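Everything below concerns the one structure shown next.
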Amino acid sequence: MINFSLPKFRRFSSLIAIGLIITTASVALTQEEEILIPPNNTPVEAIPGLYFADVLVRGRPIFQIGSLPEINATQRAEIINRRIASVLTQSDVVEQVTVKPDNPRQIATLQLNNRVLMTVTQQDAEDFGLEVEDLAQRWAKQLNQALNRPPLAIDVGQRLYETVRQLIQDTINNLPSLVGAIIVIGITWSAATSVRYLAFRWAQRTEGDSSTEILIGRLSYGGVWLLGSVIALGVMGLNFGALLGALGLTSVAIGFSLKDVLSNYISGIILLSARPFKINDQVIIGDFEGTIAQIQLRATTMKTYDGRLVYIPNQEVFQASIINNTASPRRRSSVKVGIDYGEDIDTVKKVIREAIDEIQEVEATPVPDILVCELAASTVNLEIRFWVDSRRSGFLATTSKVAQAVKEALEKADIDMPTDIYTLILREFPTQIQIKSEEG
């Protein structure tokens, strides 16, 4: 095979082989120029694309081709793939791919069913370190093997083999980055655990609130993992610009699909920060009342007074009115009692106060109050207000003890506590009752 450099070829062709080139390469030029020259003749610097792109047969990559000065690799591969697909679609019988060398031009064309599929150029030969004709023969052989449809079992086996081989090859190629990412993940796990422990201990010394300690520990742990994940992805060669763009495109869909989940987590962070209650507090949240057992970022766990566990989403907790019965160590309770209108109220108050003073569970300060709260139809109702332990068990037990002591003290002092008395006035006495009364 005769090798010519491009300047020599131009001088030689202009003086000797003009007619030969026109007659022998007219078909190849008309078809190949469509392949190689972009429609707008854009310079290679202005065309975005890859240096190499895949040539596909029935969706399977066969080999790669490079870019040319007039066209990038992606555009070139798209044109070749379209020609191959067109031949496979329009022809029932697919012939063998043949190589047509053009030694004066130092190129070779690959033809199928009398159609030019592609041109192998001197640039391709330099890219792959072969002669033009040798590279053309290799590509023709690979195309023929791909075009010959094997039996189904063999085709499936070949595809499976190629997939596994490509996976193994990719794994080997990416092994350094994978090992680096695994090392970063291990360091991140160790650092996150240590930071969470240190942050939790620091919160225990400074905050003194279990909810805040949990929040600080979890946020520290999550922050370290977030930083470590970013570094690990960077070691694996992730393009953060592309990642941010993808996140921007999908943020709306993610926001709608995970609205409730994100709302619960954000509400949990706010609750742990605001601290309207803490673990072991006795609270009323909506229709539920009980003791707070656990505060998580997604839900709050409450143990009701009858022993049941209620998991309340933090979004509902955040939006509900919360009554914290144990926010203060003391809580006011009250007992009502009714006395007869004929009793001396001051004497009654003295008897009640002496009975309350004997109960140790009642707080001495603030001093219990005994108030006349209602003048009912048959009784004078008194309300006894006193302060006790805010825990429910102590609150109920002390309130019961005070009610019992007041009743017993009033009975001992012979103070009447009448029931409701109803007076019936009969304006028109029935005749039957009058006759019986007269007969009696």
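The values are calculated or read from the model by the stated rules, or taken from the named source; none is laboratory data. Note that this is a predicted model, so its numbers are computed, not measured. Positions of Cβ are backbone-derived with ideal geometry, glycine not excepted, and every protein chain shown enters the neighbour counts.
One line per residue, one yes/no per condition, for (1) within 12 Å of R392 (Cα to Cα); (2) in a strand (DSSP E or B):
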{"residue": "E289", "(1), (2)": "yes, yes"}
{"residue": "V310", "(1), (2)": "no, yes"}
{"residue": "V317", "(1), (2)": "no, no"}
{"residue": "S333", "(1), (2)": "yes, yes"}
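The requirement of being under 23 Å from the mean Cα position of the chain (by Cα), at pLDDT below 85 and outside any helix (DSSP H, G or I) is satisfied by L238.
Filtering Q75, Q111 for residues that are in a strand (DSSP E or B) and surrounded by 15 or more Cβ atoms within 10 Å (Cβ to Cβ) leaves a single hit, Q111.
Within segment 349-387, the residues that satisfy the criterion of being loosely packed, with under 15 Cβ neighbours inside 10 Å and among the hydroxyl-bearing types (S, T, Y) are T365, S378. When the criteria are applied in full, R159 meets the requirement of being of a type in the set (K, R) and modelled with pLDDT under 85.
Of the residues making up segment 388-404, those that are hydrophobic (A, V, I, L, M, F, W, C) and surrounded by fewer than 19 Cβ atoms within 10 Å (Cβ to Cβ) are L396, A397, A403.
G228 meets each of the listed conditions (1) at pLDDT below 85; (2) outside the structural domain of V310 (by TED's automatic domain parsing) apart from (1). Every test in (1) within 46 Å of the chain's Cα centre (by Cα); (2) of a type outside the set (D, E); (3) modelled with pLDDT of 85 or more is passed by Q122 save one, and that test is (1). Filtering segment 314-333 down to residues that are surrounded by fewer than 15 Cβ atoms within 10 Å (Cβ to Cβ) and hydroxyl-bearing (S, T, Y), which residue is farthest from S390 (Cα to Cα)? The selected residue is S321.
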